[in-house]
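So that we are looking at the same thing, I have put the structure below in structure tokens.
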Amino acid sequence: MMKMLLGSSLCLLLLLSCFSQHVEGRALSLDSCSVNVHTHELRTYFTSIRSNAITGDNEIGVKLLDKSLINHVQAGQTCCFLRLVLRFYVERVFSNYASAQPQQQRSSSALANAFVSIRRDIHKCHCHCEEDTQRKIDSLHAEFNKLNINQAAQKAVGELDTVLDWLEGQKTHT
């Protein structure tokens with residue numbers, strides 16, 4: 001009886017350990033500070049809205065978030081770049097993105113709220129932005145402004161996988 005109880009307790013502890021690691025997310029290293037990011041949760045929300053965002057995107061020839069742009073962030077500019085990208089998504093994209101399907105709208109809202117939360121944590125970091133990083137974000141805004149606002153938001157949501165891939169590739173603190 002004691003062995004069975006001990007075995008059950010160990011299994012429960014392992015499950016709780018896995019669950020707490022999943023809930024806590026990853027401590028993402030952003031230059032001189034770190035923030036907690038739940039990349040798995042972000043990916044889950046994105047996956048539920050991705051197909052709708054992509055099928056509704058009629059501007060096939062336009063690319064807002066070029067992978068080369070996001071993958072060549074200068075050393076020391078990770079914090080700034082992420083802060084500005086999150087600001088773009090919170091203020092310009094999610095406020096103009098709508099889905100007719102309630103489940104997708106909930107996922108979109110949850111994703112926006114997660115971005116707001118990460119953004120709030122980043123504000124504590126006091127990121128320094130260099131001119132090159134600001135130019136990259138300005139070019140993102142310029143491409144966004146060329147499209148109808150709803151179409152631009154649709155395209156930006158469809159391209160969120162580029163941001164999530166970049167986040168998942170960043171160094172983490174252990």
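What does the accessible area per residue of region 15-174 come to in Å², with a 1.4 Å probe and no ligands, DNA or RNA counted?
Numbers: 8380 Å² over 160 residues.
Dividing the accessible area of region 15-174 by its residue count gives 52 Å².
Find the all-direction average of the projected area of the Cα convex hull for region 27-170, expressing the result in square nanometres with one decimal place.
Average of the hull's projected areas for region 27-170 equals 7.8 nm².
For region 118-170, compute Rg over Rh where Rg is the Cα radius of gyration and Rh is the Kirkwood radius from the inverse mean 1/r over Cα pairs.
1.02
A follow-up question, please. Express the carbon and sulfur contribution to the solvent-accessible surface of region 31-174 as a percent, rounded to the nearest whole number, probe 1.4 angstrom.
That fraction is 48 percent.
Now for a separate question. Can you list the HN-Hα couplings for region 128-140, worked out from phi with the Karplus curve (6.51, -1.76, 1.60; θ = phi - 60°), rounded to whole Hz and with x for Gly and Pro?
9, 9, 8, 4, 4, 5, 5, 4, 4, 5, 4, 5, 4
Specify the inter-centroid distance of region 35-84 and region 105-170, based on alpha-carbon positions, in whole Å.
That distance is 6 Å.
Further question on the same structure: Residues of region 37-73 with backbone nitrogen within less than 15 Å of a virtual label 7 Å along the Cα-to-Cβ line of K124, please, listed as ranges.
37-38
The values are calculated or read from the model by the stated rules, or taken from the named source; none is laboratory data. Note that the structure is a prediction, hence the values are computed from the model and not measured. Neighbour counts run over all protein chains shown; Cβ positions are idealised from the backbone, glycine included. What goes into the accessible areas is simple: the full protein's heavy atoms, side chains included, and nothing from ligands, DNA or RNA. Shrake-Rupley method; radii C 1.70, N 1.55, O 1.52, S 1.80 Å.
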